[in-house]
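Contents: one structure, followed by commentary.
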Amino acid sequence: MLVIFHPDATSAEIDAVTERILATGAGAQRVIGAEQTVIGVIDADRDHITSLELDADPGVDRVVPVSSPYKLAHKHRHGDQAHAVDVAGVAFGGPDAAFRLILGPCAVESADQTLTAARACADAGADLLRGGAFKPRTSPYAFQGLGLEGLKILADARAETGLPIVTELTDLRDVETVVQYADCIQIGARNMQHFPLLTEIGRAGLPVLLKRGMGASIDDFLLAAEYILTEGNQSVILCERGIHAKATPARSCLDLAAVTVLKEHTHLPVIVDPSHAAGRRALVEPLALAAAACGADGLIVECHPDPRNARCDGPQAITLDALPGFVARVRAVAGVATGALA
Ligand code: PEP
Ligand code: MN
């Protein structure tokens, strides 16, 4: 942290601030410039120094944090390089991983619906299969998912197609059950800051797909990832899925700048969910192409054999017939982006 003084700060004021810093046990390295003096606070307990409110002390102009609040998610952790995360043999992110596609229905509704979708996803070249057995619904009256039965259907779909499974965990009480079936655990936007859940899945050890909360800043998002990483689980994939913005004509406002900014700050893979940002089918492919163009490591996209009768998120599901063309176009754009952004 740097404490920057006003040009007219007196040496008594600078000494007084230095004393307060030293009293916390931190070091204080003074740099006297032509116009202003700066103190570098060394080995500080960040929260303790922040609580001193040094910017209100006489003579202080401002206090500037230097080190990142997220230590393990920070790119420095891996020599300023992106670092791949492995999900059942499928690499996400890192310097060489292919562009990845996670496809599947929003919710597991029946064996027939899920297996039909899974076969089409596999045929279209999906890398992973998605499907929610536990659904975080805004309304308590809406379909909440099939629970354990849904997990078993997903396991059958994996057995038949060979596609590893990504499925959402919403409740601490279901950790053990979901871990038995999933290859990657999704933590949804609504639970991004459910800290006990993050800690628990950090301990569970399976790769995690962490979605950005609708109102979360980049720091909020990376600190949520940090909760998982600090438990020793380094396999976290970040997912931008749109943020609340009243002015957007879509369901959420897809924040594609976040993809680039996240990749500047973290070594973790960053994928995009165009489906929940779009809210309606016609917007899904344009957003997916844009995400591929701006350097995302992959996409998670909802599809359904019969969207008009889906029990959850039908209007944004792409049809199974549309999958092959969609996948080909998205992969083509991702291929161009890999060369252009390298
Ligand atoms: C989902 O993936 O079906 C979902 C509920 O996503 P989100 O948490 O991003 O809303
Ligand atoms: Mn959904």
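No value in this document is a laboratory result; all are computed from the given coordinates. Everything numeric here is computed off the predicted structure, so don't read it as measured data. Neighbour counts run over all protein chains shown; Cβ positions are idealised from the backbone, glycine included.
With a 10 Å radius around each residue's Cβ, average the other Cβ atoms per peptide and rank 274-287, 248-261, 25-38, highest first.
Answer by packing, highest mean first, reads 274-287, 248-261, 25-38.
As a quick test, which of the pairs K152/K263; K75/K152; K71/K246; K152/K211 have an alpha carbon distance above 27 angstrom in this structure?
Listed pairs above 27 Å: K152/K263; K75/K152; K71/K246.
Can you tell me the orientation of helix 195-204 relative to the chain, as the angle in degrees between its alpha-carbon axis and the longest Cα principal axis, to the nearest 10?
70
Net charge near E231, counting Lys/Arg +1 and Asp/Glu -1 over other residues with Cβ under 13 Å of its Cβ?
-1
Divide by every residue of the chain the summed helix terms, -39500 (n - 2.57) for each DSSP H run of at least 4, and state the resulting mean residue ellipticity at 222 nm, rounded to the nearest 500 deg cm²/dmol.
Taking each H run of at least 4 residues, the total per residue is -11000 deg cm²/dmol.
Taking the alpha-carbon centroid of each part, what is the distance from segment 4-24 to segment 176-229 in angstrom?
About 42 Å separates the Cα centre of segment 4-24 from the one of segment 176-229.
Can you compute the charge dipole magnitude of the chain about its Cα centre, using +1 on each Lys and Arg Cβ and -1 on each Asp and Glu Cβ, nothing else charged? Give it in debye, rounded to the nearest 20.
1140
Quote to one decimal, in nm, the extra length available between T10 and D80 on full extension: 0.36 nm per residue of separation minus the C-alpha distance between them.
My answer for the length gained is 21.2 nm.
Taking chymotrypsin sites (Phe, Trp or Tyr not before Pro) as candidate sites, keep only those in a DSSP loop with at most 15 other Cβ atoms within 10 Å, then name the longest stretch of the chain containing none of them.
144-342
What does the charge count around A84 come to, taking other residues whose C-beta lies under 11 Å from its C-beta (Lys +1, Arg +1, Asp -1, Glu -1)?
Neighbour charge sum, excluding A84 itself: -2.
Run the numbers on segment 2-64 and let me know its relative contact order in percent, using alpha-carbon pairs under 8 Å that are six or more apart.
For segment 2-64, the relative contact order is 49 percent.
What nm value, rounded to one decimal, do you get for the distance between R119 and R280 when each label is placed 7 Å out toward the C-beta?
3.2
Could you work out the relative contact order of segment 158-230? I mean the mean sequence separation of Cα pairs under 8 Å and 6+ apart, divided by the number of residues, in percent.
29
Sketch the reach of a paramagnetic label on K152 as a point 7 Å from Cα along Cα-to-Cβ, and name the residues of segment 105-145 whose backbone nitrogen lies under 12 Å away.
Backbone N within reach: 111.
Working from Cα positions, state the angle (0 to 90°, nearest 10) between the long axis of helix 323-341 and the longest principal axis of the chain.
The two axes meet at around 30 degrees.
Using only the Cα atoms of segment 75-341, build the gyration tensor, take square roots of its eigenvalues as a ≥ b ≥ c, and label the shape rounded, prolate or oblate: rounded if a/c is under 1.5, else prolate if a/b is larger than b/c, else oblate.
Rounded is the answer for segment 75-341, as its axis ratio a/c remains below 1.5.
Figure the gain on full extension for Q36 and L22 (residue separation times 0.36 nm, minus the Cα-Cα span) and round it to one decimal in nm.
Gain on stretching Q36 to L22: 3.0 nm.
Once you keep just the Cα pairs under 8 angstrom separated by 6 or more residues, what percentage relative contact order results for the chain?
Normalised by residue count, the contact order of the chain is 16 percent.
Using Cβ counts within 10 Å as a stand-in for footprinting exposure, how do T161, T177 rank, fewest first?
Starting with the residue having the fewest Cβ neighbours, the order is T177, T161.
Report the Cα centroid-to-centroid distance between segment 113-151 and segment 262-328 in angstrom, as an integer.
15
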